[in-house]
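Colleague: Have a look at this one.
The values are calculated or read from the model by the stated rules, or taken from the named source; none is laboratory data. On a predicted model such as this, the values are computed, not experimentally measured, just so you know. As a convention, Cβ positions derive from the backbone with ideal geometry for all residues, glycine included, and neighbour counts pool all protein chains shown.
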Amino acid sequence: MAVFDTPEEAFGVLRPVCVQLTKTQTVENVERLQAQLQAVSDSALQELQQYILFPLRFTLKAPGPKRERLIQSVVECLTFVLSSTCVKEQELLQELFSELSACLYSPNSQKPAAVSEELKLAVIQGLSTLMHSAYGDILVTFYEPSILPRLGFAVSLLLGLAEQEKSKQIKIAALKCLQVLLFQCDCEDHPRSLDELEQKQLGDLFAAFLPGISTALTRVITGDFKQGHSIVVSSLQIFYKTVGFVMADEQLRRLSKVQAKPAVEHRVAELMVHREADWVKNTSDKLTILIKKIIECVSVHPHWKVRLELIDLVEALLVKCSQSLVESAGPLLKALVSLVNDESSEVQAHCSKALRHFADQKVVVGNRAFADILSENLHSLATSLPRLMNSQDDQGKFSTLSLLLGYLKLLGPRVNFVLNSVSHLQRLSKALIQVLELDVADIKVVEERRWNSGHLSASPRTSAAGPRRQIQRRYFHFFTDERVFLLLRQVCQLLGFYGNLYLLVDHFLELYHESVVYRKQAAMILNELVAGAAGLEVENLHEKHTETSPEELREIVTSILEEYTSQENWYLVTCIEAEEMGEELTVKQSGLQAITSGAHTCQVSSFLAFSNPSPTICSMNSNIWQICIQLEGIGHFAYALGKDFRLLLMSALYPVLEKAGDQTLLISQAAASAMMDICHACGYDSLQHLINQNSDYLVNGISLNLRHLSLHPHTPKVLEVMLQNSDASLLPLVADVVQDVLATLDQFYDKRATSFVSVLHALLAALARWFPDTGNLGQLREQSVGEEGSHLSQRLATLEEGLENTTTAEDIEQFLLNYLKEKDVADGNVSDFDNEEGLGCTGSVCGSSTVPQEPAPSLGSSDLALTRAPTHQR
Amino acid sequence: MTMEQESTPSDVPGGDCTPTRMAAPPPPDPQFVLRGTQSAVHALHFCGGAQGQGHPLLLSGSLSGLVHIWSLQTRRAVATLDGHEGQCVTWLQTLPQGHQLLSQGRDLKLCLWDLGEGRNAVVDSVRLESIGFCRGSVLARGHQHWTLAVPGRGSDEVQILEMPSKTSVCTLKPEADAKPGMPMCLELWQANSSPRPLLLAGYEDGSVALWDVSERKVCSRIACHTEPVMALDFDSQKARGVSGSAEKALAVWSLDEQQALQALRTQELTNPGIADVKIRPDRKILATAGWDHRIRVFHWWTMKPLAVLAFHSATVHCVAFATDGLLAAGSRDQRISVWSLYPRT
């Protein structure tokens, strides 16, 4: 098809069609015109704009009833012309605007005329195109007060369409058109920004529509979720842009100074709104109601894009209208905060960005600092938290805790203002303690046993999941949703990160002491506080926040650790067998009580609890969980301190290793996982490496605990595990600890011989492993002979002999018989037959126990010889 | 075992300085034990922590001639000094200024070590004339000057040296008729009122003598023990001292204004033999190292026995207090036990 570039050529072609249309207005004629227009270039069309528009407008204006189809095609043709040309005259713009709007006018009702959807759509697009085709200058002057009635009609028309139409397409088109009309279109055709005066003019004009727009849009926004998210998103956009424009603090501030009545005719003047203080107050009150409604509905909207738009709404309104909408600030912030933990990562990210922006800018809302409002909100939330945790369902708890988390994130270091209030800290902690209560009725916890008591073979590399793996599944009284637990952990971590750690740890340690009912929860909270304080997994919104220094953190961790591993919190009854083992201990305890009576009431009571004759399943479960939580805490602490935790290994490693051999499956699992965490944190490649490098600390613990074997019946087991996991570098320490073992064995040879025998077996196995063949053995022997008084050389000599001259069963039997005989003699159980020989011995034995003697100059040298005759204490 | 059993709990009465923490049986355990000297421990000395320079250290001297430097933070040896040719280290003392350590060995050498900034080198040494077990004593006299007392050439002499110039100031030789035997332990000190250095010396015959170093004469002398004096410590504020000997008693004596020593009392012990005695820097308690493997703790003012610490399995050779009150004991069983007793609140 030929293109007509010049106006002359185009005129030649278009003239007959236009004449035809003017004469007879039919759909066909309009279509013919449109077909011809396709072939005309834009520049030619611009020249002939008025000429072409005439027959079209004539058709619209012609009196008498018209067919909808005709109007629709005329409007479409008009739209086509407008889309290719510019409207350069003010008058034309106004007229076209009125004529187009009138297409949907129905004289008898408020509602848009009952016409076909196609026509509605055509008109909406026509209006939109018209506004786009207007020259910038003309467009601004278009919004003069006199246009108010016509503009008002169009706005209400579009709102009506957006609200009441069935077709989604129309709704969206209407909302888009509304945006254009309200100067909110973000397309490239409106590059010019408005100056102050123009803004004021527009503001005055739009203020008249504000009630209508805001209420209608609120109805759309809070409508059915099923209407589609894009409609809600557009409505939200128009809502906050309009409100943000009309109620902008900047405009209102200037308005109150100047008050000039625009010179307009009376009818229009009545419609005009002057935004004086009263009006602002009234409007803001009404808007607050609407905003609350919107927030309530939108913050739980299933579509994430809607929630995302809500963030923009909050941000825009808080930034632009912080003075005028001061009443809404609270709800707006709350909405923002509650989205911090949104399930959509986009929303979360956007929300964090907005929050960071607020936190950084020190935005002032009304006369109050942003932070004040937040603290106030947090105060009131903390107050109601215990009640909410008690009454809400999982979903309710989730949103409440999300909100709490948001406030904490936002307040950052200023959270201390709330924590410093004793009553608020108490309420907060009460709520946390309450909601974290564990369900300890599960019988499996006690039942499950660790059967394989083999090596600690796993190395961190084989359990590849890395540090802080999935923690053990717990069951809580007050919720089942895992997300709630996650939130609670995050809340505690943030508290630890921003809050005064000394204060918090003190407080929760106090609760830990206060009652066994709180102990497990308090420990869980303490664990997370420390993890948070180290800044792990915490997203910092506050650049200037100073974290707890490593020294302080270490100090705090040391004190918690001391508490966790203290006698009364670490050695709890977890199974019936343990109770039996504890019998002699109970006797001993009561003896001790007699001595200490009055000195330590708390200690006595804990001892009593300890020696409770029949522990219930529940109390044992509870004890198991407590130990697991404390073990997990030690893992957390290691993770929090990193390499610094090495210094704490001297007190932490022994207790953890002890629990790794616990019979209860959960405990041994928790201990193994804590050891992994320690390996990771302190930079050891494997458990063996960890144990090997810290065997001096372990030996220290073992040696001291052997002195009180009845209190620490598992000590030989730890030594055994240590021997199994060490290499020859342990050798210098072995002699020392074996001395202790033998000394203890002397005291308990009748009751605990089995556990010691297994230690000695482990020792021999270790020696055999460290020095696999006799060649090495000899070499080593030469080395160690150099060290004066080394017990080991003797030991090794014995070993060597054993290896060289293979001992027969008869030898062993003979040895044993000799030994028993000697023992009898030593005890004074001598038969008549042996009497004469034995007298001397008996005498000397008696003598040794009655006559005070200088201590033997050395106990060591003969200690390790297998033939050593034991001395017994009676 | 073969030793008499002392019922430890009854030895721990609720004295006025007895915090509840210690009152609870079982008998106290060491806070921790340092292992790894591989040889009997004969000398202990705490240093550091002051001047904000890192964590406190514990120095130990062993029979094998090595000095181990232990970090009390990690409870591990951080360095080993080898300067006494395998001969027993009997005395360790850091100097008030800087990072200098004196170590006395039975190789007849007194070494001065520089331990600053990770160095550990002998910077100077003094040749000793006596092979006895008598430990030296040092007294700071102004910046970078100190007076040193060591056993002298003659078996009953004490030699006084000016350091670091190593110039011999004088030799303190008892009068011919006194015959106190060898000096066994020395303690240089200075009264607040006078700048003249004084020396307390315990002798083989069981007597303790006060020397005026500048006038080279004995001011006073008392017979405290019937056996050789093994160790003494002096509280210059209260002008009271305590000495232990090979016998079964501690002697407490005082010094009046005329600088005359006066025996105050003796404290009977269960077993004989005190290898070392130290008063805690806060002058509240004192500790003794016993041949009977025990460490005993007494109230310094009343001499009331407070605790018997049974941990070692061989003779305890030395005890030392840190400025913060920590107690360390070194034994022939090659272990060093560290105790936190009646911590100050």
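Colleague: Of all residues in the stretch B:174-205, count the ones that are surrounded by 15 or more Cβ atoms within 10 Å (Cβ to Cβ), modelled with pLDDT under 90, part of a loop (DSSP other than H, G, I, E, B) and not aliphatic (A, V, I, L, M).
Modeller: Residues in the stretch B:174-205 being surrounded by 15 or more Cβ atoms within 10 Å (Cβ to Cβ), modelled with pLDDT under 90, part of a loop (DSSP other than H, G, I, E, B) and not aliphatic (A, V, I, L, M): 3 in total.
Colleague: A further question follows. Counting residues that are in contact with a Gly (Cβ under 8 Å, 6 or more places away or on another chain), which helices (runs of 4 or more DSSP H) fully inside the stretch A:41-153 reach at least 3? Steps first, answer last, please.
Modeller: Values: elements: A:42-47, A:49-61, A:68-84, A:90-102, A:117-133, A:136-142.
By residue number, A:68-84.
Colleague: Looking at A:Leu698 and the list (1) within 14 Å of chain B (Cβ to nearest Cβ); (2) more than 19 Å from B:Leu72 (Cα to Cα), which single condition is not satisfied?
Modeller: (2)
Colleague: Also, I was wondering about something else. Scanning for something surrounded by 18 or more Cβ atoms within 10 Å (Cβ to Cβ), in contact with a Ser or Thr (Cβ under 6 Å, 6 or more places away or on another chain) and of a type outside the set (Val, Ile, Thr), does the stretch A:64-81 turn up at least one residue?
Modeller: No, because not a single residue in the stretch A:64-81 is surrounded by 18 or more Cβ atoms within 10 Å (Cβ to Cβ), in contact with a Ser or Thr (Cβ under 6 Å, 6 or more places away or on another chain) and of a type outside the set (Val, Ile, Thr).
Colleague: Would you confirm, using the coordinates I've provided, whether B:His299 is closer than 23 Å to B:Leu58 by Cβ and either more than 14 Å from chain A (Cβ to nearest Cβ) or crowded, with 24+ Cβ neighbours inside 10 Å (or both)?
Modeller: So B:His299 fails the test.
Colleague: Return the pairs, sorted by first residue and then second, in which the second residue is of a type in the set (Lys, Arg) and surrounded by fewer than 22 Cβ atoms within 10 Å (Cβ to Cβ), the first residue lies in the stretch A:119-148 and is more than 16 Å from A:Ser98 (Cβ to Cβ), the beta carbons are less than 9 Å apart, and the residues are 6+ apart or on different chains.
Modeller: A:Leu119/A:Arg69; A:Tyr135/A:Lys88; A:Gly136/A:Arg192; A:Asp137/A:Arg192; A:Val140/A:Arg192
Colleague: Checking B:Ser313 against (1) away from chain A (no Cβ under 14 Å); (2) farther than 30 Å from B:Asp212 by Cα; (3) of a type outside the set (D, E, K, R); (4) free of Cβ contacts under 8 Å to residues at least 40 places away in the same chain, which test does it fail?
Modeller: (1)
Colleague: Does A:Leu723 fit the bill of being part of a loop (DSSP other than H, G, I, E, B) and farther than 18 Å from A:Ser651 by Cβ?
Modeller: no
Colleague: Turning to a different aspect of this structure: Scan A:Val347, A:Val306 and give me the residue that is among the β-branched types (Val, Ile, Thr), part of a helix (DSSP H, G or I) and surrounded by 23 or more Cβ atoms within 10 Å (Cβ to Cβ).
Modeller: Result of the check over A:Val347, A:Val306: A:Val306.
Colleague: Something else about it: If a residue has to be within 14 Å of chain A (Cβ to nearest Cβ) and outside any strand (DSSP E or B) to count, how many in the stretch B:324-333 make the cut?
Modeller: Residues flagged as within 14 Å of chain A (Cβ to nearest Cβ) and outside any strand (DSSP E or B) within the stretch B:324-333 amount to 2.
Colleague: Related question: Please report, ordered by residue number, the strands (runs of 3 or more DSSP E) entirely within the stretch B:70-150 with at least 3 residues that are under 23 Å from B:Ile160 (Cβ atoms). I'd like the intermediate steps shown before the answer.
Modeller: Details: elements: B:76-82, B:89-94, B:100-105, B:109-114, B:121-127, B:137-140.
In the stretch B:70-150, B:89-94, B:100-105, B:109-114, B:121-127, B:137-140 are the strands (runs of 3 or more DSSP E) which contain 3 or more residues that are under 23 Å from B:Ile160 (Cβ atoms).
Colleague: Also, quick follow-up: Mind listing whichever residues of the stretch A:192-228 are under 24 Å from A:Gly136 (Cα atoms) and among the charged types (D, E, K, R)?
Modeller: A:Arg192, A:Asp195, A:Glu196, A:Glu198, A:Lys200, A:Asp204
Colleague: Hey, another quick one. Where residues in the stretch A:708-722 are touching a residue at least 12 places away in the same chain (Cβ under 8 Å) and over 42 Å from the mean Cα position of the chain (by Cα), which of them is nearest to the other protein chains (Cβ to nearest Cβ)?
Modeller: This residue is A:Ser710.
Colleague: I'm trying to understand the selection: among the residues of the stretch B:216-238, which are within 14 Å of B:Gln190 (Cα to Cα) and outside any strand (DSSP E or B)?
Modeller: B:Ser236, B:Gln237, B:Lys238
Colleague: How many residues does the stretch A:732-763 hold that are outside any helix (DSSP H, G or I) and either away from every other protein chain (no Cβ under 14 Å) or farther than 15 Å from A:Leu709 by Cα (or both)?
Modeller: The first filter runs over the stretch A:732-763 and keeps only residues outside any helix (DSSP H, G or I), leaving A:749-752.
Subsequent filtering for residues that are either away from every other protein chain (no Cβ under 14 Å) or farther than 15 Å from A:Leu709 by Cα (or both) retains A:750-752.
Residues that pass the stated criteria total 3.
Colleague: Name the pairs whose Cβ atoms lie under 9 Å apart, with the first residue in the stretch A:275-300 and in contact (Cβ under 8 Å) with a residue 60 or more places away in the chain and closer than 29 Å to A:Gln201 by Cα, the second small (Gly, Ala, Ser) and not in a helix (DSSP H, G or I), and 6 or more positions between them or separate chains?
Modeller: From residues that are in contact (Cβ under 8 Å) with a residue 60 or more places away in the chain and closer than 29 Å to A:Gln201 by Cα, the pairs are A:Arg275/A:Ser256; A:Thr283/A:Ser324; A:Leu287/A:Ser324.
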